[in-house]
Each structure stands twice: as C-alpha cells, then as structure tokens.
Amino acid sequence: MKKLSWIIPCYNEEEVIEVAVKRILNVSQLMEKYDNELIIVDDGSKDNTREIIKELNKNDKRINLIGLSRNFGHQAALQAGLDNCSGSAAIIIDADLQDPPEVVLEMVQKWENGFDVVYAKRKERKSEKILKKITASIFYRFLNLLSDIDIPRDTGDFRLIDKKIIIELKGMREKGRFMRGLISWVGFNQTQVLYSRDERFAGKSKYPLKKMVRLAKEGIISFSNKPLKVSSYLGFLFSLVSIVAILYVVFVRIFTAQWVAGWAFLSIIILLSSGLQMVLIGMLGEYIGSIYLEAKKRPLYIVEEKII
Ligand code: UDP
Ligand code: MG
C-alpha cells in the first residue's frame, strides 16, 4: 500500500493543532487506498504544542512528532519533516487550517495521473490583509523578474511532492532555504490545483514582518545574482555623469569668474553617490553573509526528540 506523509510544521499552535489533526485524519479516511502518516514538526514552541502532540501520539500511532531543540524557522522545520518521512509522497500543509486539507484529494488524483509536484495556487486570499496581498504580489513578480527559474505566483508551501523530489531536497542542505524555489528548481512534472485560502482557525500568525522579510530576502539571494550586477550598471552610469560634471567644472573654472559657486551641486553629487555606494556595499554584504552562513556547515536544525 502506498503511503502519504503529511508534513505539518508547528510553532506555538496549541490552539489549532488538535482540530487540524482531526480534520486531516478525516480527509485521509476518504483515501482508503493509502496509508497515512502525520509528521508534526514542533519548531521549538514555547506553549503546550509539544505535549498535545505527544498526547495525540499515544492514541494514534499514525501521528508522529519531531521536536526541534529551538525555533529554527518554518522552512527548516519543513525540511526536518521531509527528512523523517517514509511516504511515496509528502503533503506540506500549515497547522492553522488556512490550507484546507480537502484540497489534497484533488492533489493526490493529479499525482496518480503522473505529476510529481502538485502545488496549490490561491484563487483568493479571503482572510489576508490588503497589505499582505499587495506585498506578496509585488514580491512574486519581482522574484520572477530577477531569477532564472519560474516560481509560480500566489503559491505558498502547500503542495504534494513525490518521493523523487523528497530525495533531491534531502541532498540540498543550503541554509538560506526557500522551499518553493528549490522545488521549482528541481523540475520534473509539475502542475497546480486552485483553492481559496481560508482564515486562520485560531491564534495569531507566526510570521511577523521580520520573518516575512527574511524569507523574501532568502528567496531573492538564493535564486538570483542580478542584484550584484546592478552595481556595475550604476557604476557605469555614474561615471558618465561624472565626466559631464568634470567638463562642466573645467568650463566654469576657465571661462567664468564665479567658480566658487556650485557647492550645492557638489554636495548633491557627493551625497547621492555616497548613499548609492552604501546601498551597493550592503547588497554585497548580503551575499557575503549568506556565503559565510553556508561555509560554517552547521546543520539546518537540531532534533531534540523524535517519536516515530
Ligand atoms: N511556523 C513554524 N515556524 C516558524 C513560523 C511558523 O513552524 O518559525 C509554522 C506555523 O506554525 C504554521 C506555518 O508555519 O503551521 C505557517 O505559519 P503562519 O500560519 O503563522 O503564517 P501565515 O499563514 O500567517 O503566513
Ligand atoms: Mg497561516
């Protein structure tokens, strides 16, 4: 019998995890052809999440726990789940029921029809604030413009992936992890299903602005080196401007008597170019920082306890 592994990352989800597990199990009962396992990754929750998962495991051995030693972040938690699953396919799903498990029925159908990745694309984002919708949409367009691979718009991590892809992902240990990008990058036969994203069942988002910006940055840095090229283009442009400025200065110095004037022009040029240099150095810093992080070769996450 083929097995489906549900990968459920959790960070402080005591209010939702039990209901989510119930709903997932209900859906899995509709798919009698398959064995199901739930790999719940507790990403260093500070509330009761882990105890609840342990309790659930006592009554139902399909429910497994991977407890990380601290909060390593959503993307690392997903990889911890994938590293420990044994299914012929994995389903990556949030714990807060924003990704309706019922959509998985359709995903499995497509997988059976020969697709290796079935990602869920959002028709609408009922719940989300207008600001998140706008920033997300700008981010996806920007990322596709910058990077050479095509990352589908309006998709999150909610998707089904075949074992083939799980094996490839296990081999990629890069730290600046952007799962959606990596899964697009591996190729194979990919398709989508449409769904409407529900509201969070309970609790608050575990993705504050800081974590969202970090994810966006990782997406860009690990899938594009175009920002680095910006530096040379702007350098070239500024050199042209300087040549014109130099000619102007020489002209004023030789042919007019008012050559002390023009300090405003000079200070504008200096401020502008030094500001620009700062930005470009910062950009280099981001790349060097990520090289540094990779060079240390630390593990992606540390498992504190495993109940499988
Ligand atoms: N999550 C996690 N580690 C984190 C942040 C989030 O494992 O550091 C999990 C979280 O419990 C949820 C999923 O990732 O299952 C998506 O997070 P959330 O729903 O808070 O994000 P949003 O839907 O608001 O973007
Ligand atoms: Mg959510």
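If you filter segment 101-122 down to residues that are touching a helix residue (DSSP H, G or I) at 6+ places or on another chain (Cβ under 8 Å) and not in a helix (DSSP H, G or I), you find that the one that is farthest from ILE183 (Cα to Cα) is GLU102.
Name the residue that is farthest from the chain's Cα centre (by Cα), counting only residues in segment 200-216 that are part of a helix (DSSP H, G or I) and of a type in the set (A, V, I, L, M, F, W, C).
Of segment 200-216, the ones part of a helix (DSSP H, G or I) are 209-216.
The next check asks that each one be of a type in the set (A, V, I, L, M, F, W, C); those that pass are 209, 212-213, 215-216.
Numbers: LEU209: 13, MET212: 8, VAL213: 10, LEU215: 5, ALA216: 7 Å.
Once the filter is applied, the top-ranked residue is LEU209.
Residue under question is VAL19, and the condition is that it be more than 19 Å from LYS61 (Cβ to Cβ), among the β-branched types (Val, Ile, Thr) and more than 23 Å from the chain's Cα centre (by Cα); does it hold? Reasoning before the result, please.
Values: more than 19 Å from LYS61 (Cβ to Cβ): yes; among the β-branched types (Val, Ile, Thr): yes; more than 23 Å from the chain's Cα centre (by Cα): yes.
Spelling it out, VAL19 is indeed more than 19 Å from LYS61 (Cβ to Cβ), among the β-branched types (Val, Ile, Thr) and more than 23 Å from the chain's Cα centre (by Cα).
A count restricted to segment 122-150 and to residues that are within 22 Å of ILE8 (Cα to Cα), surrounded by fewer than 18 Cβ atoms within 10 Å (Cβ to Cβ) and modelled with pLDDT of 80 or more stands at 0. Of all residues in segment 170-199, those satisfying the criterion of being open to solvent by less than 50 Å² (accessible area, probe 1.4 Å), more than 16 Å from ligand 1 (Cβ to nearest atom) and part of a loop (DSSP other than H, G, I, E, B) are MET172, GLY187.
Quick check: is even one residue across segment 60-74 in a loop (DSSP other than H, G, I, E, B), small (Gly, Ala, Ser), touching a residue at least 24 places away in the same chain (Cβ under 8 Å) and touching a helix residue (DSSP H, G or I) at 6+ places or on another chain (Cβ under 9 Å)? Scanning segment 60-74 turns up at least one residue that is in a loop (DSSP other than H, G, I, E, B), small (Gly, Ala, Ser), touching a residue at least 24 places away in the same chain (Cβ under 8 Å) and touching a helix residue (DSSP H, G or I) at 6+ places or on another chain (Cβ under 9 Å). Pairing each residue of segment 200-211 that is near ligand 1 (Cβ under 9 Å from one of its atoms) with any residue that is outside any helix (DSSP H, G or I) and open to solvent by 70 Å² or more (accessible area, probe 1.4 Å), provided the two are 6+ apart or on different chains, yields C-beta distances under 6 Å for GLY203/GLU15. Criterion applied to ASP47, ASP60, ASP83 was being at pLDDT 95 or above, open to solvent by 10 Å² or more (accessible area, probe 1.4 Å) and at negative phi, and the one residue passing it is ASP83.
Number of residues in segment 31-59 that are β-branched (Val, Ile, Thr) and either without any contact (Cβ under 8 Å) to a residue 24 or more places away in the chain or under 27 Å from GLU106 (Cα atoms) (or both): the value is 3.
The values are calculated or read from the model by the stated rules, or taken from the named source; none is laboratory data. Predicted, not measured: the structure shown is a model, and the values here were computed from it. Quick reminder, even Gly has a Cβ in these numbers, built from the backbone with ideal geometry, and neighbours come from all protein chains shown. Keep in mind that these areas ignore ligands, DNA and RNA; they rest on the heavy atoms of the full protein, side chains included. Shrake-Rupley method; radii C 1.70, N 1.55, O 1.52, S 1.80 Å.
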